[in-house]
Amino acid sequence: MIELDFANMMTDIIGENGLSERQVEALKPAAAKAHEEIASREKPGLAFMDLVKQDTSAIKDAAREIRNDSESFLILGIGGSALGPKTILEAMSPMHNLRKTPRVFIYDNVDPVTFENVLSLIDLDKTTVNVITKSGSTAETMSSFMVLYEKLKGRSGKVVATTDPEKGYLRQIAEADGFSKTLPIPPDVGGRYSVLCPVGLLLAEVAGVDCDELLAGAARMQERCSDPEPWKNPAYLYGSMLYLMDKEEKRNITVMVPYSDRLRPLAEWFCQLWSESLGKLGMGSTPYPSIGATDQHSQMQLWMEGPQDKVVTFIRVEDHGADITIPRVFKDTGVAYLGGHSLGELFNAEEEATELALATAGRPNMTLKVPKVDAAHMGELFYFFEIATAYTGFLYGINPFNQPSVEMSKNFTYGMMGRDGYEAQREEVEKARGRVTCWRL
Ligand code: PA5
């Protein structure tokens with residue numbers, strides 16, 4: 001079971017930069033309202049809470065076929081349609097392509113160099129392409145799919161489309177074209193809350209992970225996070241702490257630091273979830289991903305002595321699943337003390353030391369303690385962050401399930417790419433180009 005250690009957020013431990021119990025108590029009426037929003041289930045975006053009890057048989061059947069037929073599995077998606085699969089892959093099957101088949105590629109951008117490299121590495125007769133887009137219209141995903149669709153003509157590679165069950169261009173195309181398979185993204189589950197639906201679960205099964213274990217872990221966390229009382233609900237407490245630090249202590253940067261290479265993409269997944277859900281109407285705190293112990297040699301100086309605007313969340317893994325003893329060599333040197341210890345011991349000692357150093361300097365931090373990185377604990381982590389984000393959105397009084405402000409840049413792009421109906425945006429871009437040249441050296 002994952003535990004949240006928040007001692008280093010409290011004044012009792014870190015002094016005046018911490019929060020008092022009184023502050024958390026005073027938040028209780030707002031917390032009760034946020035809980036009511038969640039429990040009432042009025043906002044359709046809360047549909048991610050139902051994913052724990054889905055039927056996974058179609059996902060398992062599709063994955064079995066892919067494992068049997070395909071040498072490579074290529075995901076095309078972006079944002080919520082790619083970060084979840086990336087996180088599962090790295091956590092559950094690190095360095096996957098060097099060890100296992102089908103090899104997995106996740107192409108989540110429009111960089112032609114990356115795409116060309118991926119294409120040069122796969123055999124289109126032995127590849128399943130999994131195109132993932134909830135809306136079915138995202139330009140980045142659909143443009144790379146269009147390239148592959150053309151290339152797949154006359155080849156025996158297959159396509160699985162993961163998209164809305166009824167709406168969108170991809171659904172239309174899949175139905176007209178008779179794709180090998182389609183898998184549904186439940187209509188009310190938003191992209192960044194979709195890791196525990198076919199978006200992430202198909203990849204999990206293809207990579208040899210039992211997706212029901214992910215869901216079982218998520219269900220366990222759901223149970224723990226159903227208590228209305230913030231002191232008894234780890235996700236509510238986590239959200240309350242970050243909210244109070246932002247609103248009352250002006251700490252509006254949240255640093256996510258897993259001490260596990262396998263959890264590096266989890267920090268990126270969290271950052272998208274937190275940013276796109278909460279960054280609205282001038283509110284939200286800015287998340288940034290980091291990695292221990294590496295960033296102790298890069299960013300830690302800033303956390304310790306820079307502006308008093310950050311809260312650090314560590315993710316500590318108790319059992320890394322492998323360990324290596326450091327041999328007792330170099331006996332007469334200053335590094336002899338390392339001999340006889342293990343790398344896992346050093347890794348966890350560094351994590352604990354960093355927590356303590358920050359606390360001693362009066363810098364607030366919290367730690368999520370994860371017993372080990374397996375499917376059930378990944379499910380717990382996903383659900384924990386999703387419900388914490390939704391709850392925090394309700395504390396801010398914003399809708400954590402929309403993303404109104406990503407539209408403007410999309411519309412300018414449509415204008416530049418000549419999409420009908422976006423002529424005004426094209427004109428605006430041209431005007432702006434003129435303006436910018438005056439200030440170029
Ligand atoms: O969280 C979100 O809604 C977004 O990040 C989407 O996942 C992203 O824009 C991709 O959208 P789609 O799945 O429709 O292609």
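The values are calculated or read from the model by the stated rules, or taken from the named source; none is laboratory data. These figures come from a predicted structure and were not determined experimentally. Cβ placement follows ideal geometry from the backbone for every residue including glycine, while neighbour counts extend to all protein chains displayed. To get the accessible areas, we keep the full protein, side chains included, count just its heavy atoms, and leave off ligands, DNA and RNA. Shrake-Rupley method; radii C 1.70, N 1.55, O 1.52, S 1.80 Å.
Worth a mention:
- Scanning the stretch 156-172 for residues that are more than 15 Å from the ligand (Cβ to nearest atom) and loosely packed, with under 13 Cβ neighbours inside 10 Å yields a single hit, Ser156.
- Each residue in the stretch 68-102 was checked for being in a helix (DSSP H, G or I), more than 12 Å from the ligand (Cβ to nearest atom) and under 27 Å from His320 (Cβ atoms), and 11 of them qualify.
- The set of residues in the stretch 392-405 being buried (at least 16 other Cβ atoms within 10 Å of the Cβ) and near the ligand (Cβ under 10 Å from one of its atoms) consists of Phe401, Gln403.
- The helices (runs of 4 or more DSSP H) found entirely in the stretch 322-441 that carry 2 or more residues being over 30 Å from Ala31 (Cβ atoms) and hydrophobic (A, V, I, L, M, F, W, C) are 343-360, 407-416, 423-437.
- Among the conditions (1) assigned to a helix (DSSP H, G or I); (2) surrounded by 14 or more Cβ atoms within 10 Å (Cβ to Cβ), Leu302 misses just one, which is (2).
A quick yes/no check of all residues on (1) of a type in the set (A, V, I, L, M); (2) part of a strand (DSSP E or B); (3) in the same structural domain as Tyr238 (by TED's automatic domain parsing); (4) at pLDDT 95 or above:
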{"residue": "Asn130", "(1), (2), (3), (4)": "no, yes, no, yes"}
{"residue": "Met146", "(1), (2), (3), (4)": "yes, no, no, yes"}
{"residue": "Glu150", "(1), (2), (3), (4)": "no, no, no, yes"}
{"residue": "Pro165", "(1), (2), (3), (4)": "no, no, no, yes"}
{"residue": "Leu183", "(1), (2), (3), (4)": "yes, yes, no, yes"}
{"residue": "Asp188", "(1), (2), (3), (4)": "no, no, no, yes"}
{"residue": "Arg192", "(1), (2), (3), (4)": "no, no, no, yes"}
{"residue": "Pro228", "(1), (2), (3), (4)": "no, no, yes, yes"}
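- Residue in the stretch 267-277 that is under 22 Å from the mean Cα position of the chain (by Cα) and among the aliphatic types (A, V, I, L, M) present: yes
- Ser57 vs. criteria without any contact (Cβ under 8 Å) to a residue 24 or more places away in the chain and either of a type in the set (S, T, N, Q) or not assigned by TED's automatic domain parsing to the domain that holds Arg224 (or both): yes
- Complete set of residues in the stretch 125-148 that are more than 16 Å from the ligand (Cβ to nearest atom) and in contact with a strand residue (DSSP E or B) (Cβ under 9 Å, 6 or more places away or on another chain): Lys126, Thr127, Thr128
- If the condition is being β-branched (Val, Ile, Thr) and either surrounded by 15 or more Cβ atoms within 10 Å (Cβ to Cβ) or in a loop (DSSP other than H, G, I, E, B) (or both), then the stretch 103-128 contributes Val104, Ile106, Val110, Val118, Ile122, Thr127, Thr128.
- Residues that are of a type outside the set (Ser, Thr, Tyr) and open to solvent by 10 Å² or more (accessible area, probe 1.4 Å), drawn from the stretch 52-65: Val52, Lys53, Gln54, Asp55, Ala58, Lys60, Asp61, Arg64, Glu65
- Those residues of the stretch 293-318 which are under 22 Å from the mean Cα position of the chain (by Cα) and either of a type in the set (A, V, I, L, M, F, W, C) or farther than 14 Å from Leu358 by Cβ (or both), in sequence order: Ala293, Thr294, Val311, Val312, Phe314, Ile315, Val317, Glu318
- Any hit, the stretch 372-385, residues being open to solvent by 70 Å² or more (accessible area, probe 1.4 Å), out of contact with any Phe, Trp or Tyr (no Cβ under 8 Å at 6 or more places or on another chain) and of a type in the set (A, V, I, L, M): no
- Contact map, the stretch 91-105: residues that are in the same structural domain as Leu202 (by TED's automatic domain parsing) paired with residues that are among the basic types (Lys, Arg) and at pLDDT below 95, Cβ distance under 7 Å, separation 6+ or inter-chain. No pairs are found.
- When Asp177 is tested against (1) within 16 Å of the ligand (Cβ to nearest atom); (2) at pLDDT below 95, only condition (1) is not met.
- Enumeration of residues in the stretch 1-24 that are part of a helix (DSSP H, G or I), open to solvent by less than 80 Å² (accessible area, probe 1.4 Å) and out of contact with any Leu (no Cβ under 6 Å at 6 or more places or on another chain): Ala7, Asn8, Thr11, Ile14, Gly15, Asn17, Val24
- Test: residue in the stretch 406-416 that is outside the structural domain of Tyr259 (by TED's automatic domain parsing), without any contact (Cβ under 8 Å) to a residue 40 or more places away in the chain, within 16 Å of the ligand (Cβ to nearest atom) and open to solvent by less than 50 Å² (accessible area, probe 1.4 Å): yes
- Taking (1) within 16 Å of the ligand (Cβ to nearest atom); (2) part of a strand (DSSP E or B) in turn, Trp269 satisfies each apart from (2).
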